[in-house]
Amino acid sequence: MYKVNSSQAFVNSEDELLNNIKLKTDSLTINIEKKVEIHDEIEINNNIKELNIIGTSKDNSILIFNDITNGLIFTGNIQKVKIKDITIFGYLKFINSNYIEINDTILNGTMDIESNDSNSLIINFNNFVFQGNTNKKNSCISLVGNVDINNSTFYGSPHCEDSIISYNGENHNTIIIKNSKFDGVYSNNCLNIFQAYKFDIKLSQLFNGGAYNEKGGGAIRMIESNSFVEDCQFNNNFSEHCGGIFSLENSYNFSAKNIISYNSTAIKSGSIVFAKAESKYEFIGYIKNLTHSKTGNLKNNPIQIGGLIASAQGYAKLDIENLNATDLYSDDGAGVFTIRESGSISLNNISVQKVYHNKSFQGCFFNSYEEIKGSQFKMNNVTLTDFYLNSEKKSSMLIWINSEIEISIKELVYYNDNCKLYFENVTIENFFSQNPVSFIQSDGYEGKSSK
């Protein structure tokens, strides 16, 4: 029978902390009873199997590193680390641990977790408050392994160049988030999810996200992942490129249900969702029960391409059901929905109100470009109210298409080269234009135009 050697230490100074982490024991509990200032980085690399750092409360038990880029480095054979009831100003790094638990803790700084065997790594954050604070770093928190985040709050930092949390699931790990809040402080994408076997976020709020690179995704960026979003709120999210809230790239699955969003904008494409996929990643993303208000109308930063709600590109397909959207503004861009190449969008039970296009041209409601065979745009039971168009350029109030695309609005059939239109259960009210425009515009081959 193996005997576990356990030790406990009470720490009130930097020297006491340094001395106690050198103890030769299997399990060590360090109790922090007061504020402790630390001058240098501390690397814990002995053979402790389990290390617990416990405070009396977040207000009284505080570890402060004088340089915010310094902190605690957990290396060696430390299999299990628990941190509870403490505030830390500094950096946390975990290397090759099997279990990491952070409860009732505040971290002002940054965090990195690395593992050579991430499949066996379990990470739990509960009642964790994170405030990004560093000199310069790509993402405030970098995670691998199987992650569970509950009842936690995360704030980004202008000094983090990309995301609050960047997660790499390596195609076999999961990240589950519930009852949590993310504030990108207009500087960070809230969540960057890469190769997650499963990413699931529920009952959470994501505010003030900002994406400033070509990957987009002001709130959540999902790449090569199975992603599920439910009962979440999104406010004031922005992308300088694509995906004001969601950016999907080569996804396997995507489902978003019961979403409330306010004030989201992507300068290029997809102010709510932008999806693109290569042929081998062809997928359908499902969005159900989405309520949204306010897109665009940013001074000196007009929308350039379009997709005030959604854009599908490449071989990506979007299926949107039960959407209520209002107050959508565009200057240079076109279309509430846009498709490029072989992308497809299907709409069912849709209400869109108060759409304003100032200098934009082409299609007010739907616009497609660079289409290739296989692209589709379908709409059923759609109500469009109060669309306004002010453009001196050739435009279409409803749809602008070229060729190699199928448009389905059931019952009314329109043919132009390879284009088809069907209408059924569609209500259109109060459309205004200061200049003559066609209600439906189709530019076919050899410059032919049908209206």
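As an exercise: evaluate ILE83 against (1) hydrophobic (A, V, I, L, M, F, W, C); (2) more than 24 Å from GLY145 (Cβ to Cβ); (3) modelled with pLDDT of 95 or more and give the number of the one condition it does not meet.
Here ILE83 clears every test but (2).
For a quick check of your reading: which strands (runs of 3 or more DSSP E) sit entirely within the range 18-84 and have at least 1 residues that are over 24 Å from ILE123 (Cβ atoms)?
On the way: elements: 27-32, 35-38, 42-44, 50-55, 62-65, 71-74.
By residue number, 35-38, 62-65.
Just give me the residues in the range 323-345 being surrounded by fewer than 18 Cβ atoms within 10 Å (Cβ to Cβ) and either in contact (Cβ under 8 Å) with a residue 60 or more places away in the chain or of a type in the set (S, T, N, Q) (or both), in sequence order.
ASN324, THR326
If you go through the range 101-115 one residue at a time, do you hit one that is under 27 Å from the mean Cα position of the chain (by Cα) and outside any strand (DSSP E or B)?
Within the range 101-115, one or more residues are under 27 Å from the mean Cα position of the chain (by Cα) and outside any strand (DSSP E or B).
Could you please find all residues in the range 294-319 being crowded, with 19+ Cβ neighbours inside 10 Å and modelled with pLDDT under 90?
Within the range 294-319, GLY296, ILE303, ILE305, GLY306 meet the criteria.
Here is a list: ASN103, ASN96, ASN47, ASN52. Which entry is in contact (Cβ under 8 Å) with a residue 12 or more places away in the chain, out of contact with any strand residue (DSSP E or B) (no Cβ under 6 Å at 6 or more places or on another chain) and surrounded by 15 or more Cβ atoms within 10 Å (Cβ to Cβ)?
When all the criteria are applied, what remains is ASN96.
Looking at (1) buried (at least 24 other Cβ atoms within 10 Å of the Cβ); (2) out of contact with any Gly (no Cβ under 9 Å at 6 or more places or on another chain), can you tell me which one LYS280 breaks?
The one condition LYS280 does not meet is (1).
Kindly establish whether GLY243 is without any contact (Cβ under 8 Å) to a residue 60 or more places away in the chain, out of contact with any Leu (no Cβ under 9 Å at 6 or more places or on another chain) and of a type outside the set (A, V, I, L, M, F, W, C). Break it down stepwise before answering.
Details: without any contact (Cβ under 8 Å) to a residue 60 or more places away in the chain: yes; out of contact with any Leu (no Cβ under 9 Å at 6 or more places or on another chain): yes; of a type outside the set (A, V, I, L, M, F, W, C): yes.
Criteria met by GLY243.
Of all residues being under 23 Å from GLN195 (Cα atoms) and either in contact with an Asp or Glu (Cβ under 8 Å, 6 or more places away or on another chain) or modelled with pLDDT under 95 (or both) in the range 127-159, which is surrounded by the fewest Cβ atoms within 10 Å (Cβ to Cβ)? Just the residue, please.
ASN138
Which residue pairs have Cβ atoms under 6 Å apart, sit 6 or more places apart or on different chains, and have a first residue in the range 361-372 that is free of Cβ contacts under 8 Å to residues at least 60 places away in the same chain and within 14 Å of GLU406 (Cα to Cα) and a second that is crowded, with 24+ Cβ neighbours inside 10 Å and small (Gly, Ala, Ser)?
The qualifying pairs are PHE366/GLY335.
The values are calculated or read from the model by the stated rules, or taken from the named source; none is laboratory data. Since the structure is predicted, the reported quantities are computational estimates derived from the model, not experimental observations. Cβ: placed from backbone, ideal geometry, glycine included. Neighbour counts: every protein chain shown.
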